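First up is the structure itself, then whatever we jot down about it.
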Amino acid sequence: MGDIAPYWRNWIGGEWSDGGAGRIDVIDPGTGAHLAEQALANAADVDRAVAAARACHESGALSDLRPVERGRMVQAMGRYLLEHIDTIAPLLTREQGKPLWEAEIEIRGAARYFEYYGNQAETVEGRSIPLGAGYLDFTTHEPYGVSAQIIPWNYPIEMTARSLSAALATGNACVIKTPELTPLTNAFIAQAAEAAGLPEGAVNVLCGLGAEAGAALSAHPGVNQIVFTGSVPTGIAIASAAARNVVPCILELGGKSAAIVHDDADLDAFMTDVRWGIFFNAGQVCSAMSRVIASDKIHDELVDRIAGLAQSLKVGPGIDLTEFGPTMGAMVSEAQRDRAQAMVRAAETEGATVVTGGRKLNRPGAFLEPTVLTVTPDMTIARDEVFGPVLSVLKFRTDEEAIAMANATDYGLVGGVFTRDLDRATRAAQKLRAGQVFVNEWYAGGVETPFGGYGKSGYGREKGR
């Protein structure tokens, strides 16, 4: 798998650069050991990156390209990632904690975004509006200019690809702030941009702490649009800073998504959905199935089945989990693991029952057992996001009660309904307060499907737009 370089730098204006704020340690959550150092950007580095992106935009080096040419460059970035997947995947696993086979899925997903949006570049069209004799009225689409993209740590390379690919395809120069917990793999995004022939300044990649680099980027007067995925408090801070410059944002701020399972659902099939829905990437997924709202007629059976599934998972360092299967890696850090465990303990004090799991493993690394709780709607853990491998199971008697439970949080990212009754599924999909509603399959859809939420899950849409 090769050695990992001890020190990684930022990519600004087509050159590798040290950070004005020094360096930050990157830790392997699968072992707790030091992995590498990453250059840490300060506000001055952000200024240079925005200036490089601004110069690229104003020169027309990217925006004046024929759309088909831009599209080919974007697609070439995806091919570069696939060509180097054997190098990138182990690095992603070591910095983030997910199993190696999950890391490979993430990289392929990133490549798919570049392929899809690269292909869409030449389909962005305006329209002609008839106003009558003597008038010619037409619309055209123009790039924002400089897009600032602040990336989360759970899917560092795929989430970068999600926003970057669309931005480049439509002629925007970009500044990417990588997450300080998982910054390393984004170096391959910079390499891909260079290999694809994108002009200098079209893609800038830097790592910095949110309080300094993130704040400077969000409030920068040279930025024309911001994309952020992360926590609600940080999203509010970014939106407030952007508002002072009247800069539009796309915010995706997490969720507490619920799967409603009726007594006529296919429970065997649903076990696969639970496996992917809450234990993939150790539950560190914004659209995770963090709640199951089960019919009282099948509640006890379903809890037993889910507990058995959780207990069957092999948990260990992601670098050792090479084959697709019932495995789970570490959480991204011990701090995140301890936060999730503390929420489980707090739920117990409120009366929740820990059916299985809820403890950290007795080994080095940021491991938490796959956890299943039975809870009631009034408990904190039934409303607040854990962002870990922790599933809360609730019980309902009527369809109306199930919908009310599902909607009883401040979030509204995704939801799901599992039933053989198409009319019931359609009614539920209309009433669930969520940006996406899955029917009989969690995570249905792909890069083509618009993604975003309601309430504190944020606003704006990515993918398919």
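Conditions: (1) closer than 24 Å to N407 by Cα; (2) open to solvent by 10 Å² or more (accessible area, probe 1.4 Å). L313 meets all but one. Number of the miss? (1) is the only condition that L313 fails. Do you know which of the residues in the stretch 46-59 that are open to solvent by 10 Å² or more (accessible area, probe 1.4 Å) and touching a strand residue (DSSP E or B) at 6+ places or on another chain (Cβ under 6 Å) is farthest from T178 (Cα to Cα)? Applying the filter and picking the extreme gives H57.
Where helices (runs of 4 or more DSSP H) fall wholly inside the stretch 191-291, the ranges with 2 or more residues that are out of contact with any Asp or Glu (no Cβ under 8 Å at 6 or more places or on another chain), not assigned by the TED database to the domain that holds M77 and not charged (D, E, K, R) are 267-279.
The set of residues from the stretch 442-462 being touching a Lys or Arg at 6+ places or on another chain (Cβ under 8 Å) and either open to solvent by 60 Å² or more (accessible area, probe 1.4 Å) or under 16 Å from Q225 (Cβ atoms) (or both) comprises E448, G452, Y454, E462.
Among the residues making up the stretch 316-328, those that are crowded, with 22+ Cβ neighbours inside 10 Å and either touching a Phe, Trp or Tyr at 6+ places or on another chain (Cβ under 8 Å) or over 16 Å from L92 (Cα atoms) (or both) are L321, M328. Please indicate, with yes or no, whether at least one residue in the stretch 393-402 is of a type in the set (S, T, N, Q) and either out of contact with any strand residue (DSSP E or B) (no Cβ under 8 Å at 6 or more places or on another chain) or part of a strand (DSSP E or B) (or both). Checking the stretch 393-402: at least one residue is of a type in the set (S, T, N, Q) and either out of contact with any strand residue (DSSP E or B) (no Cβ under 8 Å at 6 or more places or on another chain) or part of a strand (DSSP E or B) (or both).
The residues of the stretch 340-374 that are farther than 12 Å from G283 by Cβ and either among the charged types (D, E, K, R) or open to solvent by 60 Å² or more (accessible area, probe 1.4 Å) (or both), listed by number, are R345, E348, T349, E350, T353, R359, K360, N362, R363, P364. Considering the stretch 1-64, the qualifying strands (runs of 3 or more DSSP E), each wholly inside and each with 1 or more residues that are at pLDDT 95 or above and aliphatic (A, V, I, L, M), run over 10-12, 23-27, 34-39. Within the stretch 280-289, none of the residues are at pLDDT 95 or above, farther than 20 Å from N154 by Cβ and aliphatic (A, V, I, L, M).
Exactly one residue among Y135, Y116, Y144 is aromatic (F, W, Y) and assigned to a helix (DSSP H, G or I), and that residue is Y116.
The values are calculated or read from the model by the stated rules, or taken from the named source; none is laboratory data. Since the structure is predicted, the reported quantities are computational estimates derived from the model, not experimental observations. Cβ sites come from the backbone with ideal geometry, for glycine too, and all protein chains shown count toward neighbours. The accessibility values were calculated without ligands, DNA or RNA, using every heavy atom of the protein model including side chains. Shrake-Rupley method; radii C 1.70, N 1.55, O 1.52, S 1.80 Å.
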